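Asker: Handing you a structure now.
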């Protein structure tokens with residue numbers, strides 16, 4: 001009983017320090033989501049409406065970032081490509097970029113599926129009204145696809161949050177790094193990583209609830225796609 005109390009006491013005393021990494025983790029995930037969104041939408045549009053010469057590089061990009069482990073990508077970019085191009089980035093910025101580029105590959109598939117779920121007659125109707133394909137995509141197709149992609153974003157957010165735990169390998173002062181530092185000093189690994197698990201669970205729950213709230217706000221009653 002005394003040993004259990006000591007473990008809980010250590011975890012409680014270390015909690016403020018570990019909580020300091022929550023902001024780093026959330027900032028990394030949000031930045032990666034935004035970068036993945038900015039890059040993922042054009043990639044999805046190119047896959048559906050782009051010419052053949054533009055589609056195959058997109059496929060290669062998607063295959064590469066979906067097929068290579070995230071930890072290897074972090075090492076490859078941080079210790080390789082970033083230094084090759086003399087980019088002096090700290091660990092948090094580097095992780096945000098790498099996770100964002102990886103997320104772009106996954107988000108492009110979310111957006112592609114949403115675009116292809118829309119009735120094809122919408123594009124034909126836009127052309128009949130005199131709109132160019134680019135205008136129809138920007139004004140009609142993409143706004144609907146974004147609304148339909150929100151459930152997929154919830155999954156992508158959860159995946160990114162879990163992948164961000166690997167950022168401690170580059171020295172990012174996130175939740176995992178701070179908990180690991182405490183565990184290495186106190187040797188209370190189990191207690192600290194239980195705390196870490198609870199923190200990741202709470203951050204995941206909060207983010208998913210926020211995205212579900214956004215989904216309800218933008219939902220149009222009676223709106224549905226026929227594929």
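Asker: What is segment 75-197 by shape, rounded, prolate or oblate, if you read a ≥ b ≥ c off the alpha carbon gyration tensor as root eigenvalues and call it rounded for a/c under 1.5, prolate for a/b larger than b/c, and oblate otherwise?
Answerer: Since a/c reaches 1.5 but b/c is at least a/b, the shape of segment 75-197 is classed as oblate.
Asker: Kindly state, to the nearest 0.05, the FRET efficiency for residue 81 paired with residue 216, given R0 = 35 Å and r defined as their beta-carbon distance.
Answerer: 0.30
Asker: With just the Cα atoms defining each centre, how far is segment 155-217 from segment 10-74? Give it in Å.
Answerer: 16
Asker: How tilted is helix 91-117 with respect to the longest principal axis of the chain? Cα atoms for both, answer in degrees (0 to 90, nearest 10).
Answerer: 40
Asker: For the ranges 58-65, 121-128, what's the packing order if you count other beta-carbon atoms within 10 Å of each residue, average per peptide, and put the highest first?
Answerer: Averaged packing, sorted descending, gives the order 58-65, 121-128.
Asker: Report, to the nearest 10°, how far helix 175-186 tilts away from the longest principal axis of the Cα atoms in the chain, using its own Cα long axis and a range of 0 to 90°.
Answerer: The two axes meet at around 10 degrees.
Asker: Among 163, 174, 88, 133, which comes first, second and so on when ranked by fewest other beta-carbon atoms within 10 Å?
Answerer: So the ranking, lowest neighbour count to highest, is 88, 133, 163, 174.
Asker: Which one is right for this structure if Cα extents along the principal axes in Å is calculated from it: [x] 72, 60, 30; [y] 77, 48, 23; [z] 74, 32, 25?
Answerer: Answer by label: [y].
Asker: I would also like to ask the following. Using Cα pairs under 8 angstrom and six or more residues apart, how large is the relative contact order of segment 2-218, in percent?
Answerer: 31
Asker: Given the -39500 (n - 2.57) contribution per DSSP H run of 4+ residues, what per-residue ellipticity at 222 nm results for the chain, rounded to the nearest 500 deg cm²/dmol?
Answerer: Rounded to the nearest 500, it is -26500 deg cm²/dmol.
Asker: Taking the 0 to 90 degree range and rounding to the nearest ten, how far is the long axis of helix 52-67 tilted relative to the main principal axis of the chain, both from C-alpha atoms?
Answerer: On a 0 to 90 degree scale, this one is about 20.
Here, each number is a calculation from the coordinates, and none is a lab measurement. Keep in mind that what you see is a predicted model, and the values were worked out from it rather than measured. Cβ coordinates were reconstructed from backbone atoms using ideal geometry, including for glycine residues, and neighbour counts include every protein chain displayed.
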